[in-house]
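Peer 1: Can you read through this structure? Questions will come right after.
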Amino acid sequence: MSDQHVSDPRDPSPYDALLLLSFGGPEGPEDVVPFLENVTRGRGIPKERLKEVGQHYFLFGGVSPINDQCRELLTALREDFAAAGLDLPVYWGNRNWTPYLTDTLREMVRDGRRRIAVLATSAYASYSGCRQYRENLADALAALEAEGLPLPKVDKLRHYFNHPGFVEPMTEGVLRSLAELDEPVRAGAHLAFTTHSIPDSAADTSGPVEDHGRGGAYVKQHLDVARLVAEAVRERTGVDHPWQLVYQSRSGAPHVPWLEPDICDHLEELHEAGAPAVVMVPIGFVSDHMEVLYDLDTEATAKAAELGLPVRRSATVGADPRFAAAVRDLLLERAAAERGAAVERCALGALGASHDLCPVGCCPARTERPAAAGADSPYA
């Protein structure tokens, strides 16, 4: 799949490294509050409140699965690159926990890396899923600059929500979950496609300026993926399962409008409407991290049990080899484009491939801050 999109399927130039950039998470009870302090820095949230918020983590021994899942993806990427004959080192840095992004970039620079492609573990356009990572990159570069280190050029790879290597593993996850349901309820099962709720204002201004409006690019992209998966399931099973995009993991002040409906409210509505079963499909998440483990596997599953509604949760892509191959595809595609070669970009659905370079006004922050790897980057 990857080799047909670039002139030389093993040439990563001008890049000399790939950086896997993720959110990070605590790896023990003693890490939970410091991690949440990192996440909420600048908001003035008292430590006692953070301990309350951290109960989700304490239920799982204070350990978020996201770091181990990044390690698995890191291994999968290195194995895929080696098997494809792609000689490119892969590093890993986090926004909110070790290994911290600044530390990783410092290591990369000391290793002689000067042109770095960046894969963020967020597939869609939004402030928290794209621009905030770009702000983190700018902060890290500023720190290196203050230390007198040479600055690498960093390029964030495009959004990959509609790449086949992201969509196909999710589709198979839905098929497996449907097969786990008892046959009498399987054909009538509803598909509840879930993603992280964000404030309406953030959704409305997600993506480039031309996509701004009700729901913005964030909702539009999720709906396109949900439609792709639902259609693929219908093609493979012959059953047209009803589906809806719903939201989870809301936080913040109750008076601020966030994207709705919530998954638990949706389960209640489906039960009242007589739905025989539900498959929850976390299309908004790359891996089974805490929002998936708690909000879906714990909270939503308990709500379904209370209702007597059969429910299953399908898998995220995680370290699926097809996703690792998709990352290679994205990297080589961007490398070829940077070399000036004509590139056929791989994307499913109605929206086509996303932009390489985030334009000015894309996913704006409430308070303007420098952001790297975009048209408005202070670091050329």
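The values are calculated or read from the model by the stated rules, or taken from the named source; none is laboratory data. Please read all numbers here as calculations on a predicted model, not as lab measurements. Please note: Cβ atoms are built from the backbone with ideal geometry, for glycine as well, and neighbour counts cover all protein chains shown.
Peer 1: Report the residue count in the range 40-64 for those that are aromatic (F, W, Y) and either touching a helix residue (DSSP H, G or I) at 6+ places or on another chain (Cβ under 6 Å) or loosely packed, with under 14 Cβ neighbours inside 10 Å (or both).
Peer 2: Result for the range 40-64: 2.
Peer 1: Cβ contacts < 7 Å: first residue touching a residue at least 12 places away in the same chain (Cβ under 8 Å), restricted to the range 238-252; second residue surrounded by 12 or more Cβ atoms within 10 Å (Cβ to Cβ) and polar (S, T, N, Q), any location; separation 6+ or different chain. Result?
Peer 2: Between residues of the range 238-252 that are touching a residue at least 12 places away in the same chain (Cβ under 8 Å) and residues that are surrounded by 12 or more Cβ atoms within 10 Å (Cβ to Cβ) and polar (S, T, N, Q), the close pairs are V246/T194; Y247/T194; Y247/T195; Y247/S197; Q248/T194; Q248/S197; S249/S197; R250/S197.
Peer 1: Take the residues in the range 25-39 that are out of contact with any helix residue (DSSP H, G or I) (no Cβ under 7 Å at 6 or more places or on another chain) and of a type outside the set (D, E), then tell me which one is nearest to L157 (Cα to Cα).
Peer 2: Per the stated criteria, the residue is V39.
Peer 1: Something else now. Looking at this structure, is F161 in a loop (DSSP other than H, G, I, E, B) and closer than 24 Å to P261 by Cα? Before you say what the answer is, go through the steps one by one.
Peer 2: Working: in a loop (DSSP other than H, G, I, E, B): yes; closer than 24 Å to P261 by Cα: yes.
Against the criterion (in a loop (DSSP other than H, G, I, E, B) and closer than 24 Å to P261 by Cα), F161 qualifies.
Peer 1: Given the options A117, A146, name the one that is of a type in the set (A, V, I, L, M, F, W, C), in the same structural domain as R71 (by TED's automatic domain parsing) and in contact (Cβ under 8 Å) with a residue 24 or more places away in the chain.
Peer 2: The conditions single out A117.
Peer 1: Only one residue in E306, E299 is of a type in the set (D, E, K, R) and touching a residue at least 24 places away in the same chain (Cβ under 8 Å). Which one?
Peer 2: Just one listed residue meets the conditions, E299.
Peer 1: What are the residues in the range 334-365 that are touching a helix residue (DSSP H, G or I) at 6+ places or on another chain (Cβ under 8 Å) and not aliphatic (A, V, I, L, M), if any?
Peer 2: Result: E344, R345, C346, G349, D356, C358, P359, G361, C362, C363, P364.
Peer 1: Go through (1) crowded, with 18+ Cβ neighbours inside 10 Å; (2) free of Cβ contacts under 8 Å to residues at least 12 places away in the same chain for N67 and report which single condition fails.
Peer 2: Of everything listed in (1) crowded, with 18+ Cβ neighbours inside 10 Å; (2) free of Cβ contacts under 8 Å to residues at least 12 places away in the same chain, N67 misses just condition (2).
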